[in-house]
1. Please go through the stretch 179-198 and give me each residue that is touching a residue at least 12 places away in the same chain (Cβ under 8 Å) and surrounded by 14 or more Cβ atoms within 10 Å (Cβ to Cβ), ordered by number.
2. If you take the residues of the stretch 66-86 that are among the polar types (S, T, N, Q) and open to solvent by 10 Å² or more (accessible area, probe 1.4 Å), which of them is nearest to Gly101 (Cα to Cα)?
3. Out of the residues in the stretch 53-64 that are open to solvent by less than 70 Å² (accessible area, probe 1.4 Å) and assigned to a helix (DSSP H, G or I), state the one that is farthest from Asp36 (Cα to Cα).
4. Does Ala150 satisfy the criteria of being under 26 Å from Arg118 (Cβ atoms), touching a residue at least 40 places away in the same chain (Cβ under 8 Å), open to solvent by less than 40 Å² (accessible area, probe 1.4 Å) and in a helix (DSSP H, G or I)?
5. Any residue that is assigned to a helix (DSSP H, G or I), among the basic types (Lys, Arg), farther than 29 Å from Ala195 by Cα and modelled with pLDDT of 95 or more - is there at least one of those in the stretch 77-87?
6. Restricting to the stretch 153-178, what's the tally of residues that are in contact (Cβ under 8 Å) with a residue 40 or more places away in the chain and under 19 Å from Ala71 (Cα atoms)?
7. Which residues, counting only those in the stretch 87-140, are among the β-branched types (Val, Ile, Thr) and more than 21 Å from Asp164 (Cα to Cα)?
8. Based on this model, can you work out whether Glu171 counts as part of a helix (DSSP H, G or I), open to solvent by 30 Å² or more (accessible area, probe 1.4 Å), at pLDDT 95 or above and of a type in the set (D, E, K, R)?
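The values are calculated or read from the model by the stated rules, or taken from the named source; none is laboratory data. These figures come from a predicted structure and were not determined experimentally. Here the Cβ positions follow ideal geometry from the backbone for every residue, glycine too, while neighbour counts run over all protein chains shown. Ligands, DNA and RNA are stripped out before the accessible areas are found, and what is left, the full protein with its side chains, is counted by its heavy atoms. Shrake-Rupley method; radii C 1.70, N 1.55, O 1.52, S 1.80 Å.
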Amino acid sequence: MDGNRGTQLIGAGAPAGGAVPDAVPGVGVPRVRVRDLVDVVTSLRPGLTNGAAPAELIDQLRALEDLKSAAAAAQARIAVAFDAAQRSAEKDLGVPAEEQGRGVAAQVALARRESPARGSRLHGLAKALVTEMPHTLAALDTGQLNEWRATLLVKETACLSAEDRCAVDEELAADTGVFDGAGDKAIIAAARTAAYRRDPRSVTQRASHAATERHVSLRPAPDTMTYLTALL
């Protein structure tokens, strides 16, 4: 991976394993060098000493935050495109259907410098956003949501069917700015309420299952201290 850094073009080629099928959404990405974008961002060394006004610095902060959100949306689309390409290549090699794509989440984790468990969650997030929650994905594109808040919406609708999840996504319409100024709790509450209207049984079953996972745990901490954690 490091050996290719600075040379791979977004949209210029397929991930390892073959061409991306035409049906995969979001593969029409501008042919720009990712490393060039990174270099531009890392070259920023703003400060009051270089003549930048305080308002300009705040504008730069906002623009960079929007860039982070747009990058998260791009990562989601790329992860789904990679998944499709990998499965297609493995199918051509005769790999059984139930075994196709098994290593995708691990490669997503490696590319994003995350643990395998976290990579699996990010892979699931990407698939949900791209295939079932277009309004939430669009809100990421425009900076109206960050990756964490998009994750909250995905998490709170995970118990729904694909059809109901898509309907909740359309109802919440995060890309219209409805969550501007809202906190995490407000976003969670809105998603839970909308999910309950669509499928109260699934939401209730999820809550019942969560109650079975309550526990208390201890783990060591620095300086002879202990972490006491309770899930209640």
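1. Phe179, Ile187, Ile188, Ala190, Ala191, Arg192, Ala194, Ala195, Arg198
2. Initially, the stretch 66-86 is screened for residues among the polar types (S, T, N, Q), giving 69, 75, 86.
Of the ones still in play, those that are also open to solvent by 10 Å² or more (accessible area, probe 1.4 Å) are 75, 86.
On the way: Gln75: 18, Gln86: 6 Å.
Among residues in the stretch 66-86 that are among the polar types (S, T, N, Q) and open to solvent by 10 Å² or more (accessible area, probe 1.4 Å), the one nearest to Gly101 (Cα to Cα) is Gln86.
3. Across the stretch 53-64, the extreme among qualifying residues is Ala55.
4. In short, yes.
5. Yes, some residue in the stretch 77-87 is assigned to a helix (DSSP H, G or I), among the basic types (Lys, Arg), farther than 29 Å from Ala195 by Cα and modelled with pLDDT of 95 or more.
6. Selection size over the stretch 153-178: 1.
7. Val95, Val104, Val108
8. yes
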